[in-house]
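The values are calculated or read from the model by the stated rules, or taken from the named source; none is laboratory data. Computed from a prediction, not measured in an experiment: that's the story for all the values here. Positions of Cβ are generated from backbone atoms using ideal geometry, with glycine treated the same way; all protein chains shown enter the neighbour counts.
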Amino acid sequence: MKAIVCTKYGSPEVLQLKEVPKPTPKDNEVLIKIHATTVTVGDSRVRAFRVPFSFWLPARLAIGITKPRKPILGGELAGEIESVGKAVTRFKQGDRVFAFVGHYFGAHAEYRCMPENGCIALIPEKVSYEEAAPITFGGITALFFLRQGNIKKGDKVLIYGASGCVGTYAVQLAKYFGAEVTGVCSTGNLEMVKSIGADKVIDYTTTDFTQNAESYDVIFDTVGKASISGCIKSLKQTGIFMHAVTTPATTIRIRIGLLGSKKKLIGGTFKANPEQINYLRGLLEQGKIKAVIDRKYPLEQIVEAHRYVDRGHKKGNVVITV
């Protein structure tokens, strides 16, 4: 089968289209013929080995010393089940599914095996492969954090980085939970963020939301670029600061800023499970959430897709068709 192989750490040019062995499903696995996948910031970071200095050594040991230990990147996919292991009962040949493989990677290829009890779900009838593939990474991340914050009806929630992969789902999910949502993004994305449910939008290139005298129950920094002190100041007395890309140094800074207050930090990495993807599937089927797709590239042009993601200005998701 064809796959994109990351031959070493570096620029997008280290990615090469190669022929690799087609996987065979184990007894509890399904073999998925992939029709769509994505390039996320996570794929870009692993390829370039962009990690905080404090994570450098443990990341090298975990991911790979000179190149990724798992050379085929890609953490989310959508496709058709081609065959199933003899112990599989939940899925059958021909089922249209979408799945999240996360840090196990392997989705930038024509085929991928998945355990039937993994993060995999049926695609709703009227949803395409390209629309389903981008739901998992950003959707599960946003769902994990918003659930941790116990978002409820009437909460005032500000999403910083509202036009990004995680941010677009955070806006939609917070709105679904009944919150009053303010999205912060750049000029060109204001209308898009409003169209997916934000009650208010703020252009960070012209307005500093921390200076508008508003206070929020929750501030969710999905990209790690908001002013920490400004966010803390803009929280209500028992407000929650969510930070999707915390490092040890960032966590320490935030916790110092929260000392003496009743404000709370929710940070770190999300944990994915099958319940989350099935929950998102239900919302997708009801039309309560949708993927914001910026660009689509064929698998053969994945180098160009990585170049685009590296610029740091994508709107929602970059989809790869296989």
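Criterion applied to GLU214, GLU285 was being under 30 Å from LYS126 (Cα atoms) and more than 18 Å from the chain's Cα centre (by Cα), and the one residue passing it is GLU285.
When LEU283 is tested against (1) outside the structural domain of ILE196 (by TED's automatic domain parsing); (2) in contact (Cβ under 8 Å) with a residue 40 or more places away in the chain; (3) part of a strand (DSSP E or B), exactly one condition is not met: (3).
ALA226 passes every criterion in (1) on the phi > 0 side of the Ramachandran plot; (2) surrounded by 14 or more Cβ atoms within 10 Å (Cβ to Cβ) apart from (1).
Return yes or no: is VAL157 at pLDDT 95 or above and buried (at least 24 other Cβ atoms within 10 Å of the Cβ)? Taking the combined requirement at face value, the residue satisfies it.
What about LEU173, is it buried (at least 21 other Cβ atoms within 10 Å of the Cβ) and within 30 Å of PHE105 (Cα to Cα)? Here the answer is yes, as LEU173 does meet what is asked.
Across the range 1-32, which residue is surrounded by the fewest Cβ atoms within 10 Å (Cβ to Cβ) among those that are within 18 Å of CYS119 (Cα to Cα) and more than 22 Å from the chain's Cα centre (by Cα)? Steps first, please.
Quick first cut of the range 1-32, residues within 18 Å of CYS119 (Cα to Cα) only: 25-32.
Filter once more, keeping what is more than 22 Å from the chain's Cα centre (by Cα): 25-31.
Working: PRO25: 21, LYS26: 14, ASP27: 11, ASN28: 17, GLU29: 22, VAL30: 26, LEU31: 21.
So, considering only residues that are within 18 Å of CYS119 (Cα to Cα) and more than 22 Å from the chain's Cα centre (by Cα), the one surrounded by the fewest Cβ atoms within 10 Å (Cβ to Cβ) is ASP27.
Among the residues of the range 227-249, those identified as modelled with pLDDT under 90 and more than 20 Å from ALA162 (Cβ to Cβ) are THR247, PRO248, ALA249. If the condition is being within 20 Å of ALA133 (Cβ to Cβ) and assigned to a strand (DSSP E or B), then the range 75-84 contributes GLU76, LEU77, ALA78, GLY79, GLU80, ILE81, GLU82.
For the range 256-277, what are the residues that are basic (Lys, Arg) and at pLDDT 90 or above? I'd like the intermediate steps shown before the answer.
Of the range 256-277, the ones basic (Lys, Arg) are 262-264, 271.
Of everything in the range 256-277, those that are basic (Lys, Arg) and at pLDDT 90 or above turn out to be LYS262, LYS263, LYS264.
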